[in-house]
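All remarks here apply to the structure that follows.
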Amino acid sequence: KSAETLFDLYFKSVGRGASLLLNLPPDRRGRIHENDEKALRQFKSMLDETFATNFAREGEASASHVRGNASRYGAANAIDDDNESYWTTDDHVTAAALTVELKTPQEIDCVMLQEHIALGQRVEAFALEAWNNNEWQIIAEGTSIGHKRLLRFPSMQTSKVRLNIAQASACPLISNFGLYKITQQ
């Protein structure tokens, strides 16, 4: 498979909370074929380049609700690149919004979301919105986030992205909210 095909498979598997099984057998020499090695190296390069710059990391996060108004559960935890910290709401709040405002507008076409999966998958319905022409525009919707959810959409320039959680089985726990520009298509 080509690097581009592997990249697409990554989004369709890992990007939806599953595993990517490469099933890469050795050739008759007992080695990985040169064509496969080249495709894998290009695939890794595509991943590294795409996820090297998380625009959300330098932004500012805010939320409609924060558990007990405690910074320990604040919105900033969703953009701190720490899988152990997370933003959450009070127990009775199962619909909430998390907004990331960027210092300067950026061109993005990919959002990465992760729940704090150690405490279970909770989100059942969500929408992603981007600030465009002085109003919120829906750029993606989904029914689950889980360990990792990658969402691609047409490239756009924006200064704010909002995750609207419409339904969750318990208070949502978002550990990572990343904004990216895919460097190769």
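The values are calculated or read from the model by the stated rules, or taken from the named source; none is laboratory data. Note that the coordinates shown come from a computational prediction; the quantities given were computed from them, not determined experimentally. Because the Cβ atoms are built from the backbone with ideal geometry, glycine has one as well, and the counts that use them run over all protein chains shown. For the accessible areas, the whole protein counts, side chains as well, though only heavy atoms, and no ligand, DNA or RNA atoms are used. Shrake-Rupley method; radii C 1.70, N 1.55, O 1.52, S 1.80 Å.
Numbers for the structure displayed
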{"read-out": "The stretch 6-37, residues that are in a helix (DSSP H, G or I) and either touching a helix residue (DSSP H, G or I) at 6+ places or on another chain (Cβ under 6 Å) or touching a residue at least 12 places away in the same chain (Cβ under 8 Å) (or both)", "value": "Leu6, Phe7, Tyr10, Phe11, Asp36"}
{"read-out": "Every residue from the stretch 36-70 that is open to solvent by 70 Å² or more (accessible area, probe 1.4 Å) and among the charged types (D, E, K, R)", "value": "Glu37, Lys38, Arg41, Lys44, Asp48, Glu49, Arg57, Glu58, Glu60"}
{"read-out": "Residue that is surrounded by the most Cβ atoms within 10 Å (Cβ to Cβ) [pool: residues in the stretch 1-34 that are basic (Lys, Arg) and within 16 Å of Arg149 (Cβ to Cβ)]", "value": "Arg16"}
{"read-out": "Ala168 being touching a residue at least 24 places away in the same chain (Cβ under 8 Å), among the aliphatic types (A, V, I, L, M) and under 29 Å from Thr183 (Cα atoms)", "value": "no"}
{"read-out": "The listed residue being surrounded by fewer than 19 Cβ atoms within 10 Å (Cβ to Cβ) and touching a strand residue (DSSP E or B) at 6+ places or on another chain (Cβ under 7 Å), out of Gln114, Gln137", "value": "Gln137"}
{"read-out": "Tally of residues being open to solvent by less than 20 Å² (accessible area, probe 1.4 Å) and in contact with a Ser or Thr (Cβ under 8 Å, 6 or more places away or on another chain) across the stretch 71-84", "value": "2"}
{"read-out": "Sole exception among (1) in contact (Cβ under 8 Å) with a residue 12 or more places away in the chain; (2) more than 18 Å from the chain's Cα centre (by Cα); (3) surrounded by fewer than 15 Cβ atoms within 10 Å (Cβ to Cβ) for Gly120, by number", "value": "(2)"}
{"read-out": "Residues that are closer than 10 Å to Phe7 by Cα and basic (Lys, Arg), drawn from the stretch 37-52", "value": "Lys44"}
{"read-out": "Any hit, the stretch 52-65, residues being in contact (Cβ under 8 Å) with a residue 60 or more places away in the chain, hydroxyl-bearing (Ser, Thr, Tyr) and assigned to a helix (DSSP H, G or I)", "value": "no"}
